[in-house]
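So the structure is just underneath, and the comments pick up after that.
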Amino acid sequence: MAYKRQISLKDLHVAVLTEGSDIKGGTPVYDSPKKINGAISASSSVNQSEEAYYSDDSVEEVHVAVNSMTFEVEISNLSIEERALLLGQKTVGAMAAGNKDDVAPEVWVGFRSKRTDGSYRYVSLPKCKFSVPAEAYATEAESATAQTITLTCNALPLLSNGNYKITLDDSGELTEGQEQAKTNWFKTPVIDTI
């Protein structure tokens with residue numbers, strides 16, 4: 001089997017998770033996804049705990065539990081509307097106010113990445129909460145240095161099904177449900193395998 005490398009990042013979307021809709025055994029409810037322009041790069045790492053259990057003077061078993069996943073995405077900039085959407089900031093027209101009492105909403109994050117064979121990997125993070133990003137500014141000297149923003153969120157397991165990440169590779173044979181999920185990936189948040 002030949003492995004295909006990821007060579008792009010595109011179509012970053014988010015959708016607000018309706019507060020209180022993610023309950024054990026239920027089905028989370030989301031607003032319509034909105035595109036976030038200017039995606040440059042993304043990375044993730046799983047935060048997990050490990051506990052070793054001993055007997056007869058040796059390790060008998062190691063229990064690993066996923067707690068959350070940290071997701072970072074570098075973007076060109078963050079619009080006023082996106083500050084309200086992702087960070088919970090109050091906005092009026094062309095102004096946003098970052099306030100000590102802001103509460104970022106929980107959101108679904110979806111994107112896709114082209115692979116070396118021309119196929120795509122689709123990624124869905126069903127429940128994320130972004131933190132306020134650092135921002136940098138620099139004087140324009142002989143040449144301008146463009147500044148970007150890196151957003152960081154905790155991707156949490158859904159209470160409804162425990163999923164914190166869904167991945168679909170369209171290079172393989174897809175079921176009818178998977179083909180439909182791929183077609184609607186940026187219209188309806190994907191929260192489970194099909």
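The values are calculated or read from the model by the stated rules, or taken from the named source; none is laboratory data. Source: prediction; values computed, not measured. Here the Cβ is made from the backbone with ideal geometry for all residues, glycine too, and neighbour counts use every protein chain on show. In case anyone asks, the SASA skips ligands and DNA or RNA and just uses the protein heavy atoms, side chains included. Shrake-Rupley method; radii C 1.70, N 1.55, O 1.52, S 1.80 Å.
Tabulated data
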| read-out | value |
| --- | --- |
| Qualifying residue in region 69-80 (condition: at pLDDT 95 or above and part of a helix (DSSP H, G or I)) | yes |
| Any hit, region 30-48, residues being in a strand (DSSP E or B), under 16 Å from the mean Cα position of the chain (by Cα) and charged (D, E, K, R) | yes |
| Qualifying residue in region 98-105 (condition: over 16 Å from residue 85 (Cβ atoms), in contact with a strand residue (DSSP E or B) (Cβ under 6 Å, 6 or more places away or on another chain) and surrounded by 14 or more Cβ atoms within 10 Å (Cβ to Cβ)) | no |
| Selection within region 1-43 - open to solvent by less than 60 Å² (accessible area, probe 1.4 Å) and of a type in the set (Gly, Ala, Ser) | 8, 15, 21, 26, 38, 39, 41, 42 |
| Single residue of 97, 104, 84, 52 found to be of a type in the set (A, V, I, L, M), closer than 20 Å to residue 151 by Cβ and without any contact (Cβ under 8 Å) to a residue 12 or more places away in the chain | 97 |
| Any hit, region 169-188, residues being open to solvent by less than 70 Å² (accessible area, probe 1.4 Å) and part of a strand (DSSP E or B) | yes |
| Region 129-141 residues that are touching a residue at least 12 places away in the same chain (Cβ under 8 Å), paired with ones that are surrounded by fewer than 12 Cβ atoms within 10 Å (Cβ to Cβ) (beta carbon under 8 Å, 6 or more apart) | 132/98; 135/147 |
| Members of region 138-157 found to be part of a loop (DSSP other than H, G, I, E, B) and touching a Phe, Trp or Tyr at 6+ places or on another chain (Cβ under 7 Å), listed by number | 147, 156, 157 |
| Of all residues in region 1-29 being assigned to a strand (DSSP E or B), of a type outside the set (A, V, I, L, M, F, W, C) and modelled with pLDDT of 95 or more, the one that is nearest to residue 118 (Cα to Cα) | 10 |
| Residues within region 156-194 that are in contact with an Asp or Glu (Cβ under 7 Å, 6 or more places away or on another chain) and more than 26 Å from residue 130 (Cα to Cα), tallied | 1 |
| Test: residue in region 100-118 that is closer than 24 Å to residue 190 by Cβ, among the small types (Gly, Ala, Ser) and modelled with pLDDT under 95 | yes |
| Region 125-137, subset open to solvent by less than 60 Å² (accessible area, probe 1.4 Å) and not in a strand (DSSP E or B), residue nearest to residue 13 (Cα to Cα) | 133 |
